[in-house]
Amino acid sequence: MQRGSLGSVKPAAASVIGPAPRRAARYAASRSGGHNRSAATRTAHGPVPQPRRQLGTVAAASTTDVQPQAPAQQTPPPEVKYAADISILPVNKRVDVVRVACRDRLPEVEFNQRHGTTSNAYLLKNTSGAYEVLIDVPNKVFDVDFVGQLASAGATSTLTTIIITRLSPERLPVLARVLEACKKEGLQLLLSNPALQLLNERAAANEALSAALQGVKVEAINRGSDVKLAGASKGLRFVLIPTPRWPDLVAVYSEQDNILFSSNFFSAHTAMAGASSATDSGGWDAYAADWRNYYDCMLAPVARQVATALDRLNINATSSPEAGGGGGLAQALAPLRRLAGLVRDLTLGADDGVAEPLTVGAIAPMHGPVVRQSLTELVGRYAEWTARQVEASGVAAVAVLYASAYGNTASLAQAISRGITKAGVGVETLNLEQCGQDELEAALDRCSGFVLGSPTLGGHMPTQVQTALGTIMRNANARQVPCSVFGSFGWSGEAVDMMERRLKDAGFRFAFDPVRCKFKPTQQTLQVCEESGLDLAQDIRKKKKRNERVAAEKLSVAEVGSGKALALGRVVGSLCVLTGRDGDAEGAMLASWVSQASFNPPGLTVAVKQDRAMESMLPVGASFNLNILAEGKERAVMKQMLKPFKPAEDRFAGMDVQRSESTGAVIIPDSAAYVECTVVSRMEAGDHVVLYAQVNDGKVLNQTGQSAVHYRRIGTNY
């Protein structure tokens, strides 16, 4: 491979939002508590670039009970391995995907669809047919021999370039083994500046990684970088698309193949892709829920940065024979034009994007299928979802501020953000490890609420969190809005207590109890986080809801003449309690929009409002019980279900209940009957989701009792 405009390490790329300070150069120093490194912190490929600007030390007024200390190691979480299969599948004549497919359910919130995941790496061939470029490596949590697979394909002897689109500590051991196996004169490793600094930091403390880097040409990808493939007239172009959680994210575009290697963008956590296909052969219907879930969990909370990234990518999707034509292309991509206007507003014109559109015939993401058949649909939906989130942030937004040592606090932040966005409130996420002081202050000035998250390092908060806490204490707007704190730890978790005490002593109003998590969050912990985010968002929306109720009353009056709303209110349904269980997480809700939907197989539909906490526990494949309440015995159950609950609090405390052996969900003995169901499909229906579920079993509990029925006066509310 011939090098194009790639060069040695340069200062990090500009912020993704307007004229904010540069972020990437702060990345490595932030992971060590913000302390500068000495000149001795070097690897085989050069020194760590020093940070230009970071959140700094705390003002004296904010250090009464917390003093900055030298970096201390948090107890590392236990090692976990997941069984997985590995295979090499063709994408086209020049590109193959090395797919690691895991069908287990990983614990993070983004795996809620329960479809497993794939971790994709890509091999690119040169004009002679030999593998020349490897893009990405998998996470070490997957129990596969990645290097062995490369060797069996002959790639280890021919690879000349390795490109990393996103680096994490969990990928470094695999990367080190790949470098050792492929080591030869001229081998080069290309990655973004933040990833390079993480690599330098870890190599300084890890002899195996440092040894693997010896003799390797490590170069930073900068804005506008490209490389030329050996013997080819067209090469690879790079586009930096960072987000707060992934500051090192970069996309790679192959001009020869019209393929965009999009890293985490356009990904899906699903192992549905068959062993014989690398692409989305099932189309939109097969993968829509997985693409949407990934976006909602990972990208909706950072919609501003996603908007800028999509503008930079400037995708011009093209049809292909495999995609079945390009009908409706202009209509499908119309949201991108709307999004471009939003980007100009967000960045004040500071982001110039890519000089010309990328003609893309397929998108090759880090997770999920290669997107070909659903290309225009998915790109258009990304623009639509992003525009909606950006506009929601303009009405009300919660600032989610955090630092994370091992990724666990970041997972908590992700789950809290998911709950906030479910309630229709925007999220502005700031990773305190790499954001600037002015970004933090601007977010606090405009937020409608905030949450602050921190790991515990040596019994204290990292320097960046201490500094952010001092800024929060001085910010006039932050004092007026609801807030809370959260964090993970490996031993004692003092950081959460410190943050809580400081804010409460200063008179800040907490919207939910602090969330504490030891090591990796469980399903119950993620449930607590999501429901906490819902509580905060609903607190913010109280005033808006009052306005909505007034509008609904006006609508009711207006609709009386036509009778539409009154007529709709005459549609009645059985009064039920829907119960579900997911590992150590449990939920329940009243439901009256229930109807039988099929005879064979027996099935029913249930409408669930999108901002209900229970909605996240009901993906396709989930089991639940539907307790049909008995007439005359429903009041006590309704009173219990309508009580205000804290996040993940036991909805049945004090009640006499039983449990289903097959679903694990609650059965209410005083019900007229219950049925056990499995969700078969979901359909978005305005502000609700309609579930179609197959009935697997059931029992009449009261032979003479009638089902309780919910009567409504009008069809504009429950």
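The values are calculated or read from the model by the stated rules, or taken from the named source; none is laboratory data. In this text the structure is predicted, and so the values were computed from the model without any measurement. Positions of Cβ are generated from backbone atoms using ideal geometry, with glycine treated the same way; all protein chains shown enter the neighbour counts.
Structure values in brief
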item	result
Of the criteria (1) over 26 Å from A195 (Cα atoms); (2) part of a loop (DSSP other than H, G, I, E, B); (3) over 19 Å from the mean Cα position of the chain (by Cα); (4) not basic (K, R), which one T158 fails	(1)
Qualifying residues in the stretch 176-208 (those that are among the small types (G, A, S) and assigned to a helix (DSSP H, G or I)) - the one surrounded by the most Cβ atoms within 10 Å (Cβ to Cβ)	A195
Some residue of the stretch 426-434 being out of contact with any helix residue (DSSP H, G or I) (no Cβ under 7 Å at 6 or more places or on another chain) and in a helix (DSSP H, G or I)	no
Members of the stretch 689-718 found to be under 30 Å from A286 (Cβ atoms) and modelled with pLDDT under 90, listed by number	none
Options S623, S616, S595: the member that is farther than 15 Å from D697 by Cα, of a type in the set (G, A, S) and at pLDDT 90 or above	S595
Top-ranked residue of the stretch 687-718 - restricted to ones that are of a type in the set (S, T, Y) and over 14 Å from L575 (Cα atoms), ranked as surrounded by the fewest Cβ atoms within 10 Å (Cβ to Cβ)	T704
Those strands (runs of 3 or more DSSP E) lying entirely in the stretch 440-534 with at least 2 residues on the phi < 0 side of the Ramachandran plot, of a type in the set (A, V, I, L, M, F, W, C) and modelled with pLDDT of 95 or more	449-453, 483-489
Filter pass, T429 being crowded, with 20+ Cβ neighbours inside 10 Å, of a type in the set (S, T, Y), in contact (Cβ under 8 Å) with a residue 12 or more places away in the chain and over 23 Å from G419 (Cβ atoms)	no
Y674 part of a strand (DSSP E or B) and of a type in the set (F, W, Y)	yes
Tabulated pairs, the stretch 471-492, first among the hydroxyl-bearing types (S, T, Y), second assigned to a loop (DSSP other than H, G, I, E, B) and loosely packed, with under 14 Cβ neighbours inside 10 Å, C-beta under 9 angstrom, 6+ apart or interchain	T471/A59
Test result for Q703, part of a strand (DSSP E or B), assigned by TED's automatic domain parsing to the domain that holds D584, of a type outside the set (D, E, K, R) and over 28 Å from V425 (Cβ atoms)	no
Residue, nearest to D539 (Cα to Cα), within the stretch 509-524, restricted to residues that are among the basic types (K, R) and out of contact with any Pro (no Cβ under 8 Å at 6 or more places or on another chain)	R516
From the options V398, V379, residue that is touching a strand residue (DSSP E or B) at 6+ places or on another chain (Cβ under 9 Å) and in a helix (DSSP H, G or I)	V379
Subset of the stretch 619-671 [within 31 Å of the chain's Cα centre (by Cα) and not in a loop (DSSP other than H, G, I, E, B)]	S623, F624, N625, L626, M641, V666
Of all residues making up the stretch 499-517, the number that are over 12 Å from F450 (Cβ atoms), among the basic types (K, R) and over 21 Å from the mean Cα position of the chain (by Cα)	3
Members of the stretch 257-278 that are at pLDDT below 95, crowded, with 24+ Cβ neighbours inside 10 Å and touching a helix residue (DSSP H, G or I) at 6+ places or on another chain (Cβ under 8 Å)	A268, H269, T270
